[in-house]
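S.K.: Dropping a structure here in structure tokens format, bear with me for questions.
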């Protein structure tokens, strides 16, 4: 039976990356729910398209057992993250990442996802593909130059143009 995935979408989210995950899940019969990392379900893509997420991240907290995997869909919100790190939704973001990791769930993401996982303190000893600009921020895991890395339950891609390099293995694991 296919697994269920919680997809986190920052505001603004990289639509190209987000839609690659959603299309792959849909086409493979993998159930998912999109959570806005925001205080509103209405978010935008980095190209200005308005999206309505299924819910907000605050309502995911405490429901980690309902999902088998967590996807962090990166976007233009990450470069200015420090300006909003104290917002309740960003505090909840790290709590959710930690909870999913502590439960051994699949952790999936591209671009700066590995950096966010690392900032949450959950990547010790893991090989991580990460956007070249975020590579110096990796302190617990091992940032690589690979297009993608699969290390245990962590599936990371350097950027949205490399998600496809991990997609077959990710989909296979989600369908087991």
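The values are calculated or read from the model by the stated rules, or taken from the named source; none is laboratory data. Predicted, not measured: the structure shown is a model, and the values here were computed from it. Using ideal geometry, Cβ is built from the backbone for each residue, glycine included, and neighbour counts are taken over all protein chains shown.
S.K.: Just the residues that are in contact with a helix residue (DSSP H, G or I) (Cβ under 6 Å, 6 or more places away or on another chain), over 26 Å from residue 83 (Cβ atoms) and part of a strand (DSSP E or B), please, taken from region 6-60.
M.R.: Hit for region 6-60 is 32, nothing else.
S.K.: Which of (1) within 24 Å of residue 163 (Cβ to Cβ); (2) at pLDDT 95 or above does residue 63 not meet, given it meets every other one?
M.R.: Condition (1) is where residue 63 drops out.
S.K.: Would you confirm, using the coordinates I've provided, whether residue 77 is at pLDDT 95 or above and within 14 Å of the chain's Cα centre (by Cα)?
M.R.: Values: at pLDDT 95 or above: no; within 14 Å of the chain's Cα centre (by Cα): yes.
Answer is no for this residue.
S.K.: Looking at (1) surrounded by fewer than 22 Cβ atoms within 10 Å (Cβ to Cβ); (2) at pLDDT 95 or above, which one does residue 2 not meet, given that it meets all the others?
M.R.: (2)
S.K.: Which of the residues belonging to region 16-31 are within 13 Å of the chain's Cα centre (by Cα) and crowded, with 18+ Cβ neighbours inside 10 Å?
M.R.: Taking region 16-31 as the starting set, the residues that turn out to be within 13 Å of the chain's Cα centre (by Cα) are 17-22.
17, 18, 20, 21, 22, listed by residue number.
S.K.: Could you tell me whether any residue of region 137-144 is closer than 19 Å to residue 5 by Cα and touching a strand residue (DSSP E or B) at 6+ places or on another chain (Cβ under 7 Å)?
M.R.: Within region 137-144, the first condition is being closer than 19 Å to residue 5 by Cα, and the residues that meet it are none.
Among the residues of region 137-144, not one is closer than 19 Å to residue 5 by Cα and touching a strand residue (DSSP E or B) at 6+ places or on another chain (Cβ under 7 Å), which makes the answer no.
S.K.: Shifting gears a bit: Tell me yes or no: at least one residue of region 19-26 is modelled with pLDDT under 95 and within 29 Å of residue 175 (Cβ to Cβ).
M.R.: At the first step, the residues of region 19-26 found to be modelled with pLDDT under 95 are none.
The answer is no; no qualifying residue exists.
S.K.: Something else: Quickly run through region 132-164 and pick out the residues that are buried (at least 22 other Cβ atoms within 10 Å of the Cβ) and part of a strand (DSSP E or B).
M.R.: 143, 149, 154, 155, 156, 157
S.K.: Can you tell me which of 98, 172, 126, 103 is touching a strand residue (DSSP E or B) at 6+ places or on another chain (Cβ under 6 Å) and either at pLDDT 95 or above or surrounded by 18 or more Cβ atoms within 10 Å (Cβ to Cβ) (or both)? Talk me through it step by step, then tell me what you get.
M.R.: Values: 98 fails: touching a strand residue (DSSP E or B) at 6+ places or on another chain (Cβ under 6 Å); 172 fails: touching a strand residue (DSSP E or B) at 6+ places or on another chain (Cβ under 6 Å); 103 fails: touching a strand residue (DSSP E or B) at 6+ places or on another chain (Cβ under 6 Å).
None of the other options fit; the residue is 126.
S.K.: Go through the residues of region 124-131 one by one and say whether even a single one is without any contact (Cβ under 8 Å) to a residue 24 or more places away in the chain, assigned to a strand (DSSP E or B), over 22 Å from residue 32 (Cβ atoms) and out of contact with any helix residue (DSSP H, G or I) (no Cβ under 6 Å at 6 or more places or on another chain). Reasoning before the result, please.
M.R.: Initially, region 124-131 is screened for residues without any contact (Cβ under 8 Å) to a residue 24 or more places away in the chain, giving 124-125.
From the residues that got through so far, the ones that are assigned to a strand (DSSP E or B) too are none.
Scanning region 124-131 turns up no residue that is without any contact (Cβ under 8 Å) to a residue 24 or more places away in the chain, assigned to a strand (DSSP E or B), over 22 Å from residue 32 (Cβ atoms) and out of contact with any helix residue (DSSP H, G or I) (no Cβ under 6 Å at 6 or more places or on another chain).
S.K.: Also, quick follow-up: Does region 108-121 contain at least one residue that is over 19 Å from residue 12 (Cα atoms) and crowded, with 21+ Cβ neighbours inside 10 Å? Let's see the steps before the verdict.
M.R.: Looking only at region 108-121, we keep the residues that are over 19 Å from residue 12 (Cα atoms), and these are 118-121.
After this cut, where a residue has to be crowded, with 21+ Cβ neighbours inside 10 Å as well, the list is 118.
Within region 108-121 (the criterion being over 19 Å from residue 12 (Cα atoms) and crowded, with 21+ Cβ neighbours inside 10 Å), the answer is yes, since at least one residue qualifies.
S.K.: Hey, another quick one. For region 47-58, enumerate the residues that are under 25 Å from residue 114 (Cβ atoms) and more than 16 Å from the chain's Cα centre (by Cα).
M.R.: Of all residues in region 47-58, those under 25 Å from residue 114 (Cβ atoms) come to 47, 51, 53-58.
Result: 47, 51.
S.K.: Kindly indicate whether residue 108 is part of a strand (DSSP E or B), at pLDDT 95 or above, farther than 20 Å from residue 34 by Cβ and within 16 Å of the chain's Cα centre (by Cα).
M.R.: Details: part of a strand (DSSP E or B): yes; at pLDDT 95 or above: yes; farther than 20 Å from residue 34 by Cβ: no; within 16 Å of the chain's Cα centre (by Cα): yes.
Judged against the criteria, residue 108 is not a match.
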